[in-house]
1. Please report, ordered by residue number, the strands (runs of 3 or more DSSP E) entirely within the stretch 75-184 with at least 1 residues that are buried (at least 22 other Cβ atoms within 10 Å of the Cβ).
2. Can you go through Leu33, Leu24, Leu9, Leu28 and tell me which one is over 20 Å from Arg108 (Cβ atoms), in contact with a helix residue (DSSP H, G or I) (Cβ under 6 Å, 6 or more places away or on another chain) and of a type outside the set (Val, Ile, Thr)?
3. So which of Ile311, Ile290 ends up being β-branched (Val, Ile, Thr), surrounded by fewer than 18 Cβ atoms within 10 Å (Cβ to Cβ) and at pLDDT 95 or above?
4. For residues that are surrounded by fewer than 20 Cβ atoms within 10 Å (Cβ to Cβ), in contact with a strand residue (DSSP E or B) (Cβ under 9 Å, 6 or more places away or on another chain) and part of a helix (DSSP H, G or I), tally how many sit in the stretch 420-438.
5. Quick one: count up the residues across the stretch 247-287 that are of a type in the set (D, E, K, R) and either out of contact with any helix residue (DSSP H, G or I) (no Cβ under 8 Å at 6 or more places or on another chain) or loosely packed, with under 13 Cβ neighbours inside 10 Å (or both).
6. Is it true that Met50 is assigned to a loop (DSSP other than H, G, I, E, B), of a type in the set (A, V, I, L, M), touching a strand residue (DSSP E or B) at 6+ places or on another chain (Cβ under 7 Å) and at pLDDT below 95?
7. Name the pairs whose Cβ atoms lie under 8 Å apart, with the first residue in the stretch 82-98 and touching a residue at least 24 places away in the same chain (Cβ under 8 Å), the second surrounded by fewer than 22 Cβ atoms within 10 Å (Cβ to Cβ) and aromatic (Phe, Trp, Tyr), and 6 or more positions between them or separate chains?
8. So for the stretch 431-445 (the condition being touching a helix residue (DSSP H, G or I) at 6+ places or on another chain (Cβ under 7 Å), under 28 Å from Glu97 (Cα atoms), touching a residue at least 60 places away in the same chain (Cβ under 8 Å) and not hydroxyl-bearing (Ser, Thr, Tyr)), does at least one residue qualify?
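The values are calculated or read from the model by the stated rules, or taken from the named source; none is laboratory data. In this text the structure is predicted, and so the values were computed from the model without any measurement. All Cβ positions, even for glycine, are placed from backbone atoms using ideal geometry, and neighbour counts span all protein chains on display.
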Amino acid sequence: MTALTIATLEGGQTQVEQAELDALAETLRGELLMPGSAGYDNARTLWNAMIDKRPAVIVECRGAADVIRSVNFARQHNLLLAVRGGGHNIAGNAVCEGGLMISLGQMRSVRIDPQQRTARVEPGVTLGEFDAEAQMHGLATPIGINSTTGIAGLTLGGGFGWLSRKYGLTVDNLLSADVVTADGRLLQASAQQNEDLFWAIRGGGGNFGVVTSFEFRLHPVGPEVLAGLIVHPYKDARAVLDFYRQFAARAPNELSVWLVLRKAPPLPFLPESVHGSEVVVLAALYAGDIAEGEAVLAPLRAFGDPIADVIGPHSYCAFQAGFDPLLAPGARNYWKSHDFFELSDSTVDTLLDFVGRLPGPQCEVFVAQMGGQTNEVPTGDTAYWSRDTEFIMNVHGRWDDPADDQACIGWCRELFEATEPEASGSVYVNFMTADEGGRVEAAYGDGYEHLSRLKRKYDPTNLFRMNQNIKPG
């Protein structure tokens, strides 16, 4: 009888009889894939091209029952287990080398209740798919800014985007979730049931189980919003950033303005002479009445001598996908991130220095404006801990040629180290790369010990370890 060699949790290998794998496959609504199977390479390929791992087995789940059977199989055989939602996470933990991978990409249902303003969303759904369904009813919830991102990983790490200053984090709008835990139970987590699990999954990542369904609160948004970009020449960068900091400090919660420092891509509204040169981009969205937003944004639009100003009424869905061409899958990516209470003069000086020597045309620094409602939720109400963060900086290294790995990764790390003295010490867990396991406790602050105890309760053997791992306490 033939057997398959599969990686174990402890880093070893075990033999699993083909008959056992065949028996598992017969119970599934989805498919069991192995190297050579049609669909195998597509299932294991992630957004970040630096990640190239080959699981021994992939289960393409079609529903919660498939997830339960896969989790039970991994636990019973002590197999290394990875769980893939959208496959967009920078660290690449959605896939494992030689182990068993649960793929949720076929679970893509979105059910909107326009009367109750809620959404029931399966874990394989992308942000673009969620937005498209909710916007049919003029509704939305705070999620990220790249439409190809998966809802599952984004939510479990906290989740933020253009609507967060007005309506909070993604997890602040999570009403309930169905979770398959390490012992194979399907639990509903909410403020009324399994409250400790509900607390943990709102920021604690994939450490506590596999979410097979999310329920979100929705808000009236769009279908048109006031949004767009203001692009300034890099020679004016210092003045623009000085004004931006003053403007952001007074901004109402309806307004989010993010800062992007990079080389100008060949966008149709930019003069060809600017393409490839360093620019300062202010990206804005006003989550409220468009006429009110015009008045609020007027001072920002009047400042300086911008190369382009394309702020105006835009489809919310279109603006949500506006950065997709700059974040398409297939490139090599490496990130470093800090949280900040403020953008000090020293931090601005450092950013301008490093952006003046970008290692490639796709590399950038973006600074997300937080504050507003994200800070109104008391620290400790959710596992997402950094409620006093005003800005999140992501140093985004992105390139195509492996020969550029050293230069691009080195630039990211050097900028990260140079800005560390002014940073708050916390970090957004979804922006952490695979080599940053030592920052997990910083991501969760004083909540880490409680998370560790809950990890022991729900996953005592650390079956769910392919993540920014919280070890059982």
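1. So the answer is 81-84, 100-103, 118-121, 174-180.
2. Numbers: Leu33 fails: over 20 Å from Arg108 (Cβ atoms); Leu9 fails: in contact with a helix residue (DSSP H, G or I) (Cβ under 6 Å, 6 or more places away or on another chain); Leu28 fails: over 20 Å from Arg108 (Cβ atoms).
Result of the check over Leu33, Leu24, Leu9, Leu28: Leu24.
3. Working: Ile311 fails: surrounded by fewer than 18 Cβ atoms within 10 Å (Cβ to Cβ).
Step by step, each of Ile311, Ile290 is checked, and only Ile290 is β-branched (Val, Ile, Thr), surrounded by fewer than 18 Cβ atoms within 10 Å (Cβ to Cβ) and at pLDDT 95 or above.
4. Number of matching residues: 2.
5. Residues that pass the stated criteria total 3.
6. no
7. Ile90/Trp335
8. Within the stretch 431-445 (the criterion being touching a helix residue (DSSP H, G or I) at 6+ places or on another chain (Cβ under 7 Å), under 28 Å from Glu97 (Cα atoms), touching a residue at least 60 places away in the same chain (Cβ under 8 Å) and not hydroxyl-bearing (Ser, Thr, Tyr)), the answer is yes, since at least one residue qualifies.
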